[in-house]
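The values are calculated or read from the model by the stated rules, or taken from the named source; none is laboratory data. Keep in mind that what you see is a predicted model, and the values were worked out from it rather than measured. A quick note on method: Cβ atoms are made from the backbone with ideal geometry, for glycine too, and the neighbour counts reach across all protein chains shown. Surface accessibility is based on the protein's heavy atoms, side chains included, excluding ligands, DNA and RNA. Shrake-Rupley method; radii C 1.70, N 1.55, O 1.52, S 1.80 Å.
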Amino acid sequence: MPLHLYLIRHGETTWSLTHQHTGRTDIPLTEHGEEEARQLGKRLSGTKFVHVFSSPSRRAQRTCALVGLGKDAEIEPDLAEWNYGDYEGGCTVDIRKGRPDWNIFRDGCPGGESPGQVSDRADRLIAHLRKLDGKVALFSHGQFGCVIAARWIGLPVMEGPHFVLGTASLSIFGYDPDHPTVPVISLWNAFSHEMLELLPHPPLGDIRTMKERAIERWETDGGEILWQR
């Protein structure tokens, strides 16, 4: 079976709610974040994965467990979130008070990772994954997930702000069936209630509330809320 990567961002945390950069700080999911993961797990219950990889963070591992794939998971250090260094725990709005034009995808973080280092890490991960076949689940993070997306289709890290990932969202990477060497993003930033055409399950929970909360947490490069109605 051709390679299909199922990229799953971890569920909600208190810092994702406050738009704080959460790199190596190991914080748990909120109660709502755990429910997000359970709902996603119901949508994926009929999907058989050949491999399951998780970031070392407990928020990613907990999401993986609640989705129902914890027993099959291998820890993959290269799936960790961007190392924010001196900006760990900070918000973009506060960082830009001192650096008005700061863009993490261009400037990186002092004391943390540069865009080049993150790009190299994503490329190393992708090179490993491209040796595999079948469906592969990846439990990772918001901004590093955007880097994986950009690098999968050959874009530079600087294009990362054009992607957004909500908590407990699913994206699928693969290849164009008519052009098997062309990498594509076949699904991006889908939530459990939006997967009805992909997976045979009925609606679950309060669809409107889940969708509105997810939209309000979508972030651009560094934490600005993307408002949509």
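Check each of the trypsin sites (Lys or Arg not before Pro) in segment 114-189 and keep only those in coil by DSSP with at most 16 other C-beta atoms within 10 angstrom; list them in order.
On the way: sites: 121, 124, 130, 131, 135, 151; in loops: 130, 131.
Passing sites in segment 114-189 are 130, 131.
Under a 1.4 angstrom probe, counting protein chains only, how are 94, 86 ranked by accessible area, largest first?
Ranking 94, 86 by accessible area, largest first, yields 86, 94.
For a Förster distance of 35 Å, can you work out the FRET efficiency between the beta-carbons of residue 127 and residue 99, rounded to the nearest 0.05? Mind showing how you got there, number by number?
On the way: r = 33 Å, r/R0 = 0.94.
Efficiency at R0 = 35 Å is approximately 0.60.
Between residue 179 and residue 120, what length in nm is gained on full extension when 0.36 nm per residue of separation is reduced by their alpha carbon distance?
Taking residue 179 through residue 120 to full extension adds about 18.6 nm, to one decimal.
Work out the charge dipole of segment 59-119 with +1 on the Cβ of Lys and Arg and -1 on the Cβ of Asp and Glu about the Cα centre, then indicate which of 84, 116, 73 is farthest towards its positive end.
Most positive-ward Cα: 84.
For residue 175, enumerate residues with amide H under 5 Å from its amide H, sequence gap 5+ or separate chain, H modeled in the peptide plane.
184
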